[in-house]
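The values are calculated or read from the model by the stated rules, or taken from the named source; none is laboratory data. These numbers come from a predicted model, not from an experiment. Here the Cβ positions follow ideal geometry from the backbone for every residue, glycine too, while neighbour counts run over all protein chains shown. All accessible areas refer to the heavy atoms of the entire protein, side chains included, with ligands and DNA or RNA removed. Shrake-Rupley method; radii C 1.70, N 1.55, O 1.52, S 1.80 Å.
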Amino acid sequence: MSSITSKPALVTLRGILSELRKQSSSKKLADNQMVVYIFNQYRRYQTTDQQHCKAIDEMHFKAKTYHNYLHFSRKYKEINTEFKGKGERSIEETARMVGFKMPHDPKP
Amino acid sequence: MFQMIGLSSKVTGFLKTTCIRCTRYQNYATRKRFYRGTGVIQSDNKWEVTLDHRRLKTPIGKPLTVTSEPLARAIAVEWDAQTEHITLPSMHLTALCSTAQDNPGKLNKHDITIHFLEYLATDTLLYFSQEQEELRLLQEKKWGPVLEWFQKRFNVVQEVSKGLDLPPVAAETRAILARYFLSYDFPALNAMSFGVDALKSPILMLACVERLLEPKEAVLLARLEEEYQLLQWGRVPWAHELNQAELTSRVAASLLVIHSSVENHTAKAKATPQEQ
């Protein structure tokens, strides 16, 4: 029977915690409201996640979905900032790129 | 001569006005983070998100309320994850909940259901490659089980497309699916349409909603042809990986909203067994 304390579920938990650590603005992870909530949920469904007529693996699926969300929205932002255009280059920068010097630069 | 001057001053004037608009737009698009911490509060079975004791509001100015605790907490995390600027376009959970509450398109459940039913005939999974034998085999291997699951789960028969023609969708299939879609509430259907648009496939979205596929897997199946081409032509992170990350976060966000609304539904139904 699927339990939330099975190994895959704990791997998901660690994934979520690592994402939250990267994204949270508070320094200590224990201060984060979501971390406290997730720990409570994991403890609550420790024996089985089939309480309240839930389907098999329902809680774990939710955890995996949330992990997917956190992970890929962070990745999206990272790629975006890495490759984002920085606007027009300055004349000096362009000159340096093609190996020219500005008129007021000291001559070698 | 004078005319020329008049014209040129008009042109510069025009340029200036557009410039002001540009900067205004940019100022609006990248608002700085104006709060320190985020939290959630509960008021009569509804949850609200707070930014430093201010309530988070929807675009039309009403306080954002959600019915599920984990969803409210996830929105708070989303706002907490903003660093210097607030990048609203990537905050899908906030967007989905606000749209469901404000309903700017003035849609109802029936509109969205009809949209899905019309979408079904153009579902990605129903179009197998005609030209490339190898890709076709890959599609049959990966999409086949999902299509099989779909027909079994809903007890329908769905033909795949031949050539460019739309495959026929039986009236019975439409009726069964309409009943299924209408059993969800408006926020869930609104989120589902967001996910369907990301995956370009109602069938894949249904497989996610029914927990057959994780968002990551579903996006892989939706991008199967792209992935196949990548094997040959190479991967470009700012195009392919960016696209994959965006689609997966969109699908995951919509699933979170759908599943939390379903949960509420069952929780409510269970609380009052005598009334039923």
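Phi angles across the stretch B:154-160 convert, under the Karplus curve 6.51 cos²θ - 1.76 cosθ + 1.60 with θ = phi - 60°, into 3J(HN,Hα) values of 9, 6, 10, 10, 10, 7, 8 Hz, Gly and Pro given as x. Once the 1.4 Å probe is applied to the protein heavy atoms, the stretch B:74-113 comes out at 42 Å² accessible per residue. Distance from the Cα centre of the stretch B:101-117 to that of the stretch B:197-253, in angstrom? Cα centroid of the stretch B:101-117 versus Cα centroid of the stretch B:197-253: 24 Å apart. Measuring r between the beta carbons of B:K109 and B:E69 and using R0 = 30 Å, the FRET efficiency lands at 0.80. Taking every residue in B:242-254 and counting other chain Cβ atoms within 10 Å of its Cβ, the average works out to 6.
Can you classify the stretch B:86-170 as rounded, prolate or oblate using the Cα gyration tensor, where a ≥ b ≥ c are the square roots of its eigenvalues, rounded means a/c under 1.5, and otherwise it's prolate if a/b beats b/c and oblate if not? Prolate, since a/c reaches 1.5 and a/b exceeds b/c.
Interface residues of the stretch B:74-91, defined as those with an accessible-area decrease of at least 30 Å² between the chain by itself and the complete set of protein chains (probe 1.4 Å), are B:V77, B:D80, B:A81, B:S90. Distance from the Cα centroid of the stretch B:45-97 to that of the stretch B:143-192 is 33 Å (rounded to whole angstrom). In summary, the aspartates and glutamates within cross-link reach of B:K57, defined as a Cα separation below 16 angstrom excluding same-chain residues under 8 places away, comprise B:E48, B:E78, B:D80, B:D102. Here each label is just a point 7 Å from Cα along the line to Cβ, and for B:V160 and B:Y35 those points are 4.8 nm apart. Summarising the label geometry, the points placed 7 Å from Cα in the beta-carbon direction at B:F186 and B:E225 lie 3.6 nm from one another. Taking the Cα centre of the stretch B:109-269 as reference, the dipole from Cβ charges on Lys and Arg (+1) and Asp and Glu (-1) amounts to some 460 debye.
Ballpark to the nearest 100 Å², how much total accessible area do B and A bury together, probe 1.4 Å?
Accessible area lost upon association: around 3100 Å².
For the set A:K64/B:K200; B:K106/B:K200; A:K86/B:K32; B:K141/B:K216; B:K106/B:K152; B:K46/B:K216, the pairs lying more than 27 angstrom apart at their alpha carbons are B:K106/B:K152; B:K46/B:K216. Applying 1/(1 + (r/R0)^6) with r as the Cβ-Cβ distance of B:V236 and B:L135 and R0 = 22 angstrom yields a FRET efficiency of 0.65. Rg of the Cα atoms in the stretch B:120-261, relative to 2.2 N^0.38 Å, amounts to 1.06.
With a ≥ b ≥ c the root eigenvalues of the C-alpha gyration tensor of the stretch B:150-205, is it rounded (a/c under 1.5), prolate (a/b larger than b/c) or oblate? Because a/c hits 1.5 or more and a/b fails to exceed b/c, the stretch B:150-205 counts as oblate. Cβ-Cβ distance of A:S26 and A:T81, R₀ of 22 Å, FRET efficiency by 1/(1 + (r/R0)^6): the value works out to about 0.50.
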